[in-house]
Amino acid sequence: MIIIKLTIKEASEYLGVAKSTLRRWEDEGKIKPERTAGGHRRYDKSTLISLKNKKENKKLTIGYCRVSSSDQKEDLERQIKTVSDYCSARGYQFKIIKDIGSGL
């Protein structure tokens, strides 16, 4: 088994978070990087993969469907179905917000 170690920069880019977030997670005990002889952090990629999966499972996608008048309720229902089908096909956790005729 090959163990891949990433620098803090590589780990932050992989997870899509700031380096300061990784440092904070270390302080909070959420992640434990190894230290090199020079004191630099090295992150185990398998640990990062599990963190990324947890992070992605918590995201909520918002679908916004709108028509300009109540006469277009059928159009709104079609929009809701299309957006819902799209989100479901991609495995998103989602919520649909619908709007009829609101202005600025």
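The values are calculated or read from the model by the stated rules, or taken from the named source; none is laboratory data. Since the model is a prediction, treat every value here as computed from it, not as a measurement. With ideal geometry, Cβ positions are generated from the backbone for all residues, glycine too; neighbour counts draw on all protein chains shown. These area figures cover heavy atoms from the full protein model, side chains too; ligands, DNA and RNA do not enter into them. Shrake-Rupley method; radii C 1.70, N 1.55, O 1.52, S 1.80 Å.
Numbers at a glance
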{"item": "Per-residue ³J(HN,Hα) for the range 3-13, Karplus 6.51 cos²θ - 1.76 cosθ + 1.60, θ = phi - 60°, Hz, x for Gly and Pro", "result": "9, 9, 10, 10, 6, 5, 5, 4, 5, 5, 5"}
{"item": "Accessible surface of the range 5-57 [probe 1.4 Å, protein heavy atoms]: carbon and sulfur percent", "result": "47 percent"}
{"item": "Cα-centred dipole magnitude for the chain, charges only on beta-carbon of K, R (+1) and D, E (-1), debye, nearest 20", "result": "580 debye"}
{"item": "With eigenvalues of the C-alpha gyration tensor scaled by 5 and rooted, the chain, Å", "result": "44, 15, 9"}
{"item": "The range 61-100 - Kirkwood radius from inverse mean 1/r over Cα pairs (Å)", "result": "10.3 Å"}
{"item": "Only Lys, Arg (+1) and Asp, Glu (-1) charged, at Cβ; the range 61-100 dipole about Cα centre in debye", "result": "200 debye"}
{"item": "Debye intensity ratio I(q)/I(0), log10, the range 5-57, q values 0.13, 0.18, 0.30 Å⁻¹ (C-alpha model)", "result": "-0.26, -0.51, -1.41"}
{"item": "Farthest positive-ward along the chain dipole, Cα basis, beta-carbon charges - from HIS40, SER50, TYR64", "result": "HIS40"}
{"item": "Built amide H within the under 5 Å cut-off of PHE94, gap 5+", "result": "THR61"}
{"item": "Heavy atoms of ARG42: accessible area, 1.4 Å probe, square angstrom to 10", "result": "80 Å²"}
{"item": "Unit charges on C-beta of K, R, D, E only; dipole of the range 5-57, Debye", "result": "40 debye"}
{"item": "Helix-only mean residue ellipticity at 222 nm for the chain, each DSSP H run of n ≥ 4 adding -39500 (n - 2.57), per residue, nearest 500", "result": "-14500 deg cm²/dmol"}
